[in-house]
Amino acid sequence: MAILDVRHIEKHFGATQVLTDISFSLDEGNALAIIGSSGSGKTTLLRCLNFLETPDNGSISVRDELLFDAADPATQSEKDIRKKRLHFGLVFQNFNLFPQYTALQNVMLANQLLAKERPDFKQNKRQIFQEIEENARALLAQMGLSDRAAHYPHQLSGGQQQRVAIARALAMRPDILCFDEPTSALDPELTGEVLKVIRSLAEQKTTMVIVTHEMAFARDVADEVIFMDGGVIVEQGPARQVIEHPREERTKQFLSRYEGND
């Protein structure tokens, strides 16, 4: 059953069309990898899904709920954007942790802020914050970072920081977890530890959209792969089929650059 349905998304920046007629769906529990060269529109697509950019055309639905329709102004209210973003957890390329907060505090922060809007917050503040902390500690443990909870970002390696960022995204219990080149800012020796975490999430049937340049990882972990070039979807299908037996010439040319590097 499709948890995410994207139809005919288009995006312009000035006179430049960055996305053209992007349509795809994603089943619950599946991982979708989006591959393509720099400038192909991958990150812009991810930012549209998270409502960091507003598409010029098309629609986005999650669990059959229409979140955005360019033809329907009622779906474009600024006051609803934060609520819509809760459907998506986003892990950026460059960690984006708050330097003044510990790893634990970074994971807890968003839920603490949201909790203050609960009608029962004043009466149950201590219990609510305790539950938030317990959940955050459990997520750090899942990331292998129990002993780093009290460390600040500058005291963590790049791989550890990215794992904190993943825990922070998971803390919001999103329907879909999105990754934007999660290893691109890491040294090669730290890449493996982050990919191991994402592989584990895939094994747990976490619904994910992963923009990545790691072809072997996409082939082995993703259920589906989309190859983008020039702002369009050139090819999409089962991961191994697209990466090992591409049909389109542009896909073949792109993947040929990675042969021997897996």
For the stretch 141-157, which residues satisfy the criterion of being open to solvent by less than 20 Å² (accessible area, probe 1.4 Å) and more than 18 Å from the chain's Cα centre (by Cα)?
LEU145, ALA149, PRO153, LEU156
Identify, by number, the condition in (1) part of a strand (DSSP E or B); (2) in contact with a Lys or Arg (Cβ under 9 Å, 6 or more places away or on another chain); (3) open to solvent by less than 70 Å² (accessible area, probe 1.4 Å) that GLN17 doesn't meet.
(3)
If you take the residues of the stretch 78-94 that are outside any helix (DSSP H, G or I) and not hydrophobic (A, V, I, L, M, F, W, C), which of them is surrounded by the fewest Cβ atoms within 10 Å (Cβ to Cβ)?
ASN94
Tell me whether the stretch 211-230 contains one or more residues that are touching a strand residue (DSSP E or B) at 6+ places or on another chain (Cβ under 8 Å), at pLDDT 95 or above, part of a strand (DSSP E or B) and not aliphatic (A, V, I, L, M).
yes
Please find, within the stretch 178-217, the residue that is surrounded by the fewest Cβ atoms within 10 Å (Cβ to Cβ) out of those that are out of contact with any helix residue (DSSP H, G or I) (no Cβ under 6 Å at 6 or more places or on another chain), of a type in the set (A, V, I, L, M) and under 24 Å from MET1 (Cβ atoms).
LEU201
Out of the stretch 52-74, which residues are part of a loop (DSSP other than H, G, I, E, B) and either open to solvent by 20 Å² or more (accessible area, probe 1.4 Å) or charged (D, E, K, R) (or both)?
LEU52, GLU53, THR54, ASP56, ARG63, ASP64, ALA70, ALA71, ASP72
Conditions: (1) under 30 Å from ASP27 (Cβ atoms); (2) open to solvent by 20 Å² or more (accessible area, probe 1.4 Å); (3) at pLDDT 95 or above; (4) out of contact with any Leu (no Cβ under 8 Å at 6 or more places or on another chain). LEU170 meets all but one. Number of the miss?
(4)
Filtering the stretch 96-131 down to residues that are of a type in the set (A, V, I, L, M, F, W, C), open to solvent by 30 Å² or more (accessible area, probe 1.4 Å) and either more than 19 Å from GLN162 (Cα to Cα) or part of a loop (DSSP other than H, G, I, E, B) (or both) yields PHE98, LEU113, LEU114, PHE129
Residue match in the stretch 180-192 (condition: at pLDDT 95 or above, part of a helix (DSSP H, G or I) and of a type outside the set (Asp, Glu))
no
Restricting to the stretch 128-157, name every residue that is without any contact (Cβ under 8 Å) to a residue 40 or more places away in the chain and of a type in the set (A, V, I, L, M).
ILE128, ILE132, ALA136, ALA138, LEU139, LEU140, ALA141
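The values are calculated or read from the model by the stated rules, or taken from the named source; none is laboratory data. Bear in mind that the values here come from a model prediction, so they are computed numbers and not experimental data. As a convention, Cβ positions derive from the backbone with ideal geometry for all residues, glycine included, and neighbour counts pool all protein chains shown. Just the protein is used for accessible areas: all its heavy atoms, side chains included, with ligands, DNA and RNA removed. Shrake-Rupley method; radii C 1.70, N 1.55, O 1.52, S 1.80 Å.
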